[in-house]
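Step one of this worksheet: look at the structure below.
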Amino acid sequence: MKKNIRMAKEYAESVFLEKKSKFISYISPVYTEQEAVDFIHSIKKKHYDATHNCSAFIIGEASNIQRSSDDGEPSGTAGIPILEVLRKEALTNTVVVVTRYFGGIMLGAGGLIRAYTQGSADAIRAAGIMKLQPYASYSVTLDYTFLSKIQHEIAKKDYFIADTQYLETVILKILAEPEKEEELQNDLIQWTNANALVEFQGIEVLRIDESTNKII
């Protein structure tokens, strides 16, 4: 997979009023087009009495599947604005539905575009963003005397200690970006005076909270 796929972190909702029209936004991470379609249908079922349930989604590592629907709003005033926000945020594997209950005051094309853009942006803020990122996994065996040093130093770097086994020696599971293998090796040599056994275990795809840079 390509590095740093960005997508909605979790399901979320948001709501706002614009000239008495009520806009309710829904967002969810999805991994297939069918999941996105099913999510849209579930919101339409929930809000069967709404004036419009407009939607957009992007699917795939290369963002190759992109769909949008105005659901009865004037062409280009709802689905595309929602989709454009997803594109601007470089999100994939994400679906957004903005439900509208008409309040009796016409918004005009420009007003609709602004409202559906806001609805999409509000939903993304409510959900947060996560990255799907490949990391190389290493088993690192070392003496207890080096443990506190390792923990202190790793906190300063872009590595993660995913697991710690306290046996006769300490066995750490350390995750690092694949291109940082040499840097990690050199760091471990320096931190342990070349007294650590480092074994590559494979590649794992992690979910990283973009706002905190922590594993989800």
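The values are calculated or read from the model by the stated rules, or taken from the named source; none is laboratory data. Quick caveat, the model's predicted, so the values are computed rather than measured. Heads up, the Cβs are rebuilt from the backbone with ideal geometry, glycines too, and the neighbour counts pull from every protein chain shown.
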Within region 67-101, residues being closer than 17 Å to Phe23 by Cα and either acidic (Asp, Glu) or assigned to a helix (DSSP H, G or I) (or both) number 9
Per the filter on region 187-216, residues touching a residue at least 60 places away in the same chain (Cβ under 8 Å) and more than 16 Å from the chain's Cα centre (by Cα) are Val198, Glu199, Phe200, Gln201, Gly202, Ile203, Glu204
Listed by range, strands (runs of 3 or more DSSP E) wholly within region 1-44 having at least 1 residues that are of a type in the set (Ser, Thr, Tyr) and more than 19 Å from Leu206 (Cβ to Cβ) are 12-18, 21-29
The condition of being assigned by TED's automatic domain parsing to the domain that holds Leu17 and farther than 23 Å from Phe39 by Cα holds, among Gly60, Gly119, Gly111, Gly76, only for Gly111
